[in-house]
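What follows is a set of notes on a single structure, which appears directly below.
The values are calculated or read from the model by the stated rules, or taken from the named source; none is laboratory data. Quick caveat, the model's predicted, so the values are computed rather than measured. Cβ: placed from backbone, ideal geometry, glycine included. Neighbour counts: every protein chain shown. Surface areas here come from the heavy atoms of the whole protein model, side chains and all, with no ligands, DNA or RNA. Shrake-Rupley method; radii C 1.70, N 1.55, O 1.52, S 1.80 Å.
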Amino acid sequence: MEQKINDIIKRFEESVAKAQTRGEVAAAAASATGPNGELTALMKTLKTLPPEQKPAAGKLINWAKQKIEPLILEAYSRIENAEMAKSLGEEFDPSLPTVDVPRGTVHPLTRTIRLVCDIFKRIGFTVAEAGDLETEWFCFDALNTPSDHPARDAQDTLFLPSGAKSGNISKHSDERYLLRSHTSSVQIRAMLKEGAPIKIVAPGRAFRRDTVDATHSANFHQIECLCVDRDVKLTDLKAVLDYLFRSLFGKSAKSRLRPSFFPFTEPSFEVDFMSDNMGRLSGKWIEIMGCGMVDPKVLENVGLEGYTGYAFGLGVERVAMLTHSIDDIRHFYANDTRFLKQFSK
Ligand code: PHE
């Protein structure tokens, strides 16, 4: 009996191993445990055995059935896996990360850029963008910045090696290339492209030869704002600034302008704001950005004589640091997810 059972198991194991389809597995299973299977036939012979042998023989047959059943299930799942792999095609890459990996969050600087752009979109501004690589004309000359201005010094601005040409971004062939030191160059590109009237915000990176510390980074972000039309006045600028600060820092926010100088605006101002929502800075004037009325010389450089306008440049890191009470600019660039995760909704 034992010998017979071992032979049945052996035959079953061989045929199930060869099975390539569900049908072949079913046939192998039937030949052992089906109504006409070998084990079933053996079961039927039990009654012919002497009574004292019956229990042991019955046990043996049950043991064989228990050995066979998991092999049948295993064969079905082997075939199922093969079918799945086939239907996914050759490109299926089992090393790809699963959909269950933790989701990232939007970077606080991106969040701040989106927030400010949305505030301006509500009052009819559109978003303009240009590349990080600029020429001296767009970054300085067109913005009425003379060649002996300190910002044009290699100590302050990151110039590309002389002779470097990267794409056809300039009409002025003898120029040096640089990493834009402010986003004001987008004013020029936008006015040349679209003329006036124009209302844009231009978010993007800017670069300066700054020594990195808690408040300085050689690579930072600005949002430039430009509005040019007939009869744009300083009061329009003040109104838009108050709207911006109320949107960012709450209803109590107000702003003040202090005289300053930028080559591309006249008059020029430093802007301070104050709000009751600023924690330990509440009720104090906080310096935030530079602004002014677009210098007529700039408008002339882009063929928009007779128009007037205002412009300002907002530091994205500064706004993000103020809105979230962040004390060190370097947190933004350290890629530490423990920091970055705190800004997810
Ligand atoms: N570009 C200036 C800066 O980076 C800011 C500014 C923009 C000032 C527009 C006036 C008008 O400091």
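Can you tell which of PHE207, PHE159, PHE261 is open to solvent by 20 Å² or more (accessible area, probe 1.4 Å), in contact (Cβ under 8 Å) with a residue 12 or more places away in the chain, within 12 Å of the ligand (Cβ to nearest atom) and of a type outside the set (Lys, Arg)?
On the way: PHE159 fails: within 12 Å of the ligand (Cβ to nearest atom); PHE261 fails: in contact (Cβ under 8 Å) with a residue 12 or more places away in the chain.
Matching residue, one of PHE207, PHE159, PHE261: PHE207.
Applying the selection to the stretch 40-59, what residues are among the β-branched types (Val, Ile, Thr) and either surrounded by 11 or more Cβ atoms within 10 Å (Cβ to Cβ) or part of a loop (DSSP other than H, G, I, E, B) (or both)?
Correct list: THR40, THR45.
Name the one entry in ARG122, ARG114 that is under 25 Å from the mean Cα position of the chain (by Cα) and farther than 25 Å from ALA334 by Cα.
Just a single option satisfies the conditions, and that option is ARG122.
I want to confirm something. Restricting to the stretch 18-39 and keeping residues that are assigned to a helix (DSSP H, G or I) and touching a residue at least 24 places away in the same chain (Cβ under 8 Å), which single residue is nearest to ALA82 (Cα to Cα)? Break it down stepwise before answering.
Within the stretch 18-39, the subset assigned to a helix (DSSP H, G or I) is 18, 22-33, 38-39.
From the residues that got through so far, the ones that are touching a residue at least 24 places away in the same chain (Cβ under 8 Å) too are 22, 25, 28-29, 32-33, 38-39.
On the way: ARG22: 12, VAL25: 14, ALA28: 19, ALA29: 20, ALA32: 25, THR33: 25, GLU38: 29, LEU39: 30 Å.
Among those residues, the one meeting the criterion is ARG22.
Only one of these is at pLDDT 95 or above, open to solvent by less than 50 Å² (accessible area, probe 1.4 Å) and within 13 Å of the ligand (Cβ to nearest atom): LEU244, LEU248, LEU226. Name it.
Details: LEU244 fails: within 13 Å of the ligand (Cβ to nearest atom); LEU248 fails: within 13 Å of the ligand (Cβ to nearest atom).
Of LEU244, LEU248, LEU226, the one residue that is at pLDDT 95 or above, open to solvent by less than 50 Å² (accessible area, probe 1.4 Å) and within 13 Å of the ligand (Cβ to nearest atom) is LEU226.
Restricting the stretch 283-306 to residues that are charged (D, E, K, R) and more than 10 Å from the ligand (Cβ to nearest atom), which is nearest to the chain's Cα centre (by Cα)?
Our first condition is that a residue be charged (D, E, K, R); within the stretch 283-306, this holds for 284, 287, 295, 297, 300, 305.
With the extra rule that they be more than 10 Å from the ligand (Cβ to nearest atom), the set shrinks to 284, 287, 297, 300, 305.
On the way: LYS284: 35, GLU287: 30, LYS297: 39, GLU300: 39, GLU305: 41 Å.
Filtering the stretch 283-306 for residues that are charged (D, E, K, R) and more than 10 Å from the ligand (Cβ to nearest atom), the one nearest to the chain's Cα centre (by Cα) comes out as GLU287.
Is there a residue in the stretch 283-295 that is open to solvent by 50 Å² or more (accessible area, probe 1.4 Å), part of a strand (DSSP E or B) and farther than 23 Å from ALA218 by Cβ? Reasoning before the result, please.
Within the stretch 283-295, the first condition is being open to solvent by 50 Å² or more (accessible area, probe 1.4 Å), and the residues that meet it are 284-285, 287.
Of the ones still in play, those that are also part of a strand (DSSP E or B) are 287.
Those still in the list that are farther than 23 Å from ALA218 by Cβ too: none.
No.
Select from the stretch 268-282 the residues that are in contact (Cβ under 8 Å) with a residue 12 or more places away in the chain and away from the ligand (no atom under 16 Å from the Cβ) and list them in ascending order. First the steps, then the outcome.
Taking the stretch 268-282 first, the residues in contact (Cβ under 8 Å) with a residue 12 or more places away in the chain are 268-279, 281.
Once the filter is applied, which keeps residues that are in contact (Cβ under 8 Å) with a residue 12 or more places away in the chain and away from the ligand (no atom under 16 Å from the Cβ), the stretch 268-282 yields MET274, SER275, ASP276, ASN277, MET278, GLY279, LEU281.
Condition first: open to solvent by 40 Å² or more (accessible area, probe 1.4 Å), among the hydrophobic types (A, V, I, L, M, F, W, C) and in contact with a Pro (Cβ under 8 Å, 6 or more places away or on another chain). Now tell me which residues in the stretch 93-144 satisfy that.
Of everything in the stretch 93-144, just one residue is open to solvent by 40 Å² or more (accessible area, probe 1.4 Å), among the hydrophobic types (A, V, I, L, M, F, W, C) and in contact with a Pro (Cβ under 8 Å, 6 or more places away or on another chain), namely VAL127.
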